[in-house]
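Participant: Here's a structure for you.
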Amino acid sequence: MSAQRRPAMDGWFTLDDAAPQLLGTRCTACGTYFFPREAAFCRNPRCAGSEFEDVPLSRRGRLWSFTDNRYPPPPPYVASDPFEPYAVAAVELEREKMVVLGQVVRGVGCDQLHAGMEMELALEMLYRDGDTDVVTWKWRPVHV
Amino acid sequence: MSSDKEVAVLGVGMHPWGKWGRNFVEYGVHAARAALADAGLEWTDVEFVAGGDTMRNGYPGYVAGASIAQALGWNGAQVASTYGACATGAQAIDLARARILAGLCDVALVVGADTTPKGFFAPAGGERKTDPDWLRFHLLGATNPIYFGLYARRRMEIFGATLEDFARVKVKNSRHGLANPNARYRKLYTMEEVMASQIVSDPLRLLDICATSDGGAAVVLASMAFARKRTARPVRVAAVSTVTPRFPNTVIEMPNFATDSAVAVDAPDVPFRDSIARRAYESAGIGPEDVSFAEVYDLSTALELDWYENVGLAKPGDAEKILRDGTTSLGGRQPVNPSGGLGCFGEAIPAQAISQLCELAWQLRGQAGERQVAGAKVGLAVNQGLFGHGSAVLAKI
């Protein structure tokens, strides 16, 4: 384990390795959730809300769909060399009634995924910046 | 019969799609001159120019209408330049149409052209942590094919679509585009070749995904009164739809990380992609059953199948059926992408929706040669641009 690590985005998720959570907001007027966090205006067209509470989002959800990337994406993605393909999952959160994207943890490919399976949030290194691990949120199947 | 909401398509023209590597303005000028010649009009007859912008060619690309007007020779026309991602062309068409219908001009030129870099589309440079397009690449490595892959896999999981179905779309469109002089790829593929091509974003193979291309397209639109003095039966634009989604949009869309939350408001009865053509149908008083053929935005082969359902050619889950039984092939009841579609063209973003209207016009006039849809009376073109841009055009003769 390297000495230092930092989140890829400040304030988007907790750095709790055992049970990380995405950090969203919720409009105090109509209850709509937002991720990434929205704190200026509510996007419900019939709500003039401008006050938001910070809310950690559900850690678990159901897999809506999934795919992967076999070729290195262009910058600003920091691709490993040699390039390591990764899967991407779209996960439906029941309480928030929204779908959130994330990479799937290393070592889990499309052949281990199917729509409807239960997924949970994890933290993993996205890339290394000098001697610092830059970490981000990822999805992991609960039962694999 | 014509309604008071119609404008005439007097001329259409294109610069062939390819990877030519020249200035986008050249393709725009070539297409504009071809459209003017087709209309039998001079550039100096044009009163309004609507340009579709390109984001990858610097300042001249952000003011495409003027860049191309200057290259054609300043003629004092009024000008507008517009951008709506892949739906850019529909916005430009709608600007010209609205101006004509308002009686502000009789003749308008709509033109869009692009020069594209090799490989994946990438976001603009710099570190922009409030730009979702930048963030999706940085945090997720979510290229465009990632989103196409999510939709394709969802179709497989929910409706039982197969890799063979996706390959069948490519084979069909490659056959359609074979004789299209403006298509970039004119090669007949087999299902085996498609399925054996490299996986890009599982389940999609290289040959399932559209390339990025250079190209240019233009149309000359005119008021019906002006057109009738020149031709007895002009092709008419019956409706244009440039709708945005309704909240909450519960389908993940480029370039977002998450959908809207449906906690406070239920998801709309008509999802965004279904609403695009629907608005055009309602505006024109035309239904999907009246459509002779359609040009749909096949960013991937799987997405073409989604479109069959989104535009009402098939009920949800039935797209594979009307693909397999030949309904959507040339010679079938409602051919889809007779031009060959993006599979044969690749994407030249601001030109794409304009090129769709070019194909509608050629088909409706009976000038489409070997790819002609017999007896075509009504053509539909649909498209969707990222950041919430719908695009649909209905044309008829």
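Read-outs: derived from the displayed coordinates by stated rules, not from any lab. Bear in mind that the values here come from a model prediction, so they are computed numbers and not experimental data. Note that we place each Cβ from the backbone using ideal geometry, even for glycine, and neighbour counts take in every protein chain shown.
Participant: Which whole-angstrom value gives the distance between the alpha carbon centres of the range B:329-362 and the range B:66-105?
Facilitator: 22
Participant: Taking the range A:25-57, which trypsin sites (Lys or Arg not before Pro) meet the DSSP loop condition and have no more than 11 other C-beta atoms within 10 Å?
Facilitator: Answer in residue order: A:Arg46.
Participant: Using a basic spin-label model with each label point 7 Å from the Cα along Cα→Cβ, how many nm lie between A:Ser50 and A:Val144?
Facilitator: About 4.5 nm separates the two model spin labels.
Participant: Each label point is 7 Å from the Cα along the Cα-to-Cβ direction; what then is the distance between the points at B:Lys19 and B:Asp290, in nm?
Facilitator: Going from the B:Lys19 label point to the B:Asp290 one covers 4.3 nm.
Participant: Tell me which cysteines of chain A come out unpaired when the rule is another cysteine's Cβ under 4.7 Å.
Facilitator: Unpaired cysteines in chain A: A:Cys110.
Participant: Now a separate question. In µm²/s, what is D for the range B:174-320 at 20 °C and 1.002 mPa s, where D = kT/(6 pi eta Rh) by Stokes-Einstein and Rh is the Kirkwood radius from Cα pairs?
Facilitator: Diffusion coefficient, whole number: 114 µm²/s.
Participant: What is the spin-label model distance, in nm, from A:Arg6 to B:Arg233 if the labels are put 7 Å beyond Cα along the C-beta direction?
Facilitator: It is 6.9 nm.
Participant: Oh, and also: Could you tell me the extents of the range A:58-141's C-alpha atoms along the three principal axes, largest first, rounded to whole Å?
Facilitator: Taking the Cα atoms of the range A:58-141, the three principal extents are 39, 25, 20 Å.
Participant: Using all alpha carbons of chain B, what is the percent of pairwise distances in each 20 Å bin, ordered from the shortest bin to the longest?
Facilitator: Bins of 20 Å from zero give 30, 60, 10 percent of pairs.
Participant: Here is a follow-up. So what are the ³J(HN,Hα) numbers for the range B:50-55, from phi and the Karplus equation (6.51, -1.76, 1.60; θ = phi - 60°), rounded to whole Hz, Gly and Pro as x?
Facilitator: Once θ is set to phi - 60°, the couplings for the range B:50-55 become 10, x, x, 7, 10, 8 Hz.
Participant: So, R0 is 25 Å and r is the distance between the beta-carbons of B:Glu282 and B:Lys377; what FRET efficiency does that work out to, to 0.05?
Facilitator: 0.85
Participant: What order, most packed first, do the peptides B:279-285, B:382-388, B:89-95 have when packing is the mean number of other Cβ atoms within 10 Å of each residue?
Facilitator: B:89-95, B:382-388, B:279-285
Participant: Another question about this same structure. For B:Glu42 and A:Met117, FRET efficiency with R0 = 41 Å and r from the beta-carbon atoms, rounded to 0.05?
Facilitator: E between A:Met117 and B:Glu42, to the nearest 0.05, is 0.05.
Participant: Per the Cauchy relation, a quarter of the hull surface: what is the mean projected area of the convex hull of the alpha carbons in the protein assembly as shown, in nm²?
Facilitator: 24.6
Participant: Here's something else I'd like to know. Just how many % of Cα pairs in chain A lie over 26 Å apart, if you round to the nearest whole percent?
Facilitator: More than 26 Å apart: 31 percent of the Cα pairs in chain A.
Participant: Are there chymotrypsin sites (Phe, Trp or Tyr not before Pro) in the range A:49-144 that DSSP puts in a loop and that have at most 13 other Cβ atoms within 10 Å, and which ones?
Facilitator: Qualifying residues, ordered by number: A:Phe83.
Participant: What's the average, rounded to a whole number, of partner chain beta-carbon atoms within 10 Å of each residue's beta-carbon in A:75-83?
Facilitator: The shielding value for this peptide is 4.
Participant: So how compact is the range A:103-144: Cα radius of gyration and Dmax in angstrom?
Facilitator: In Å, with Rg to one decimal and Dmax whole: 12.0, 39.
Participant: Next question. In percent, what relative contact order does the range A:58-141 have, based on Cα pairs under 8 Å that are 6 or more apart in sequence?
Facilitator: 32
Participant: Hey, how many Å between the Cα centroid of the range A:1-37 and the Cα centroid of the range A:57-82?
Facilitator: Between the Cα centre of the range A:1-37 and that of the range A:57-82, the gap is 17 Å.
Participant: What are the ³J(HN,Hα) values, in whole Hz, obtained from phi via the Karplus relation 6.51 cos²θ - 1.76 cosθ + 1.60 with θ = phi - 60°, for each residue of the range A:69-82 in sequence order, with x given for Gly and Pro?
Facilitator: 3J(HN,Hα) across the range A:69-82, in whole Hz: 10, 9, 10, x, x, x, x, x, 6, 9, 7, 5, 10, x.
Participant: Counting only other chains, what is the mean number of Cβ atoms within 10 angstrom of the Cβ of each residue in peptide A:95-105?
Facilitator: Across the residues of A:95-105, the mean count of other-chain Cβ atoms within 10 Å is 6.
Participant: Okay, helix-only estimate at 222 nm for chain B: each DSSP H run of n ≥ 4 adds -39500 (n - 2.57), divide by all residues, round to 500 deg cm²/dmol; what do you get?
Facilitator: Estimated from H runs of four or more residues: -10500 deg cm²/dmol.
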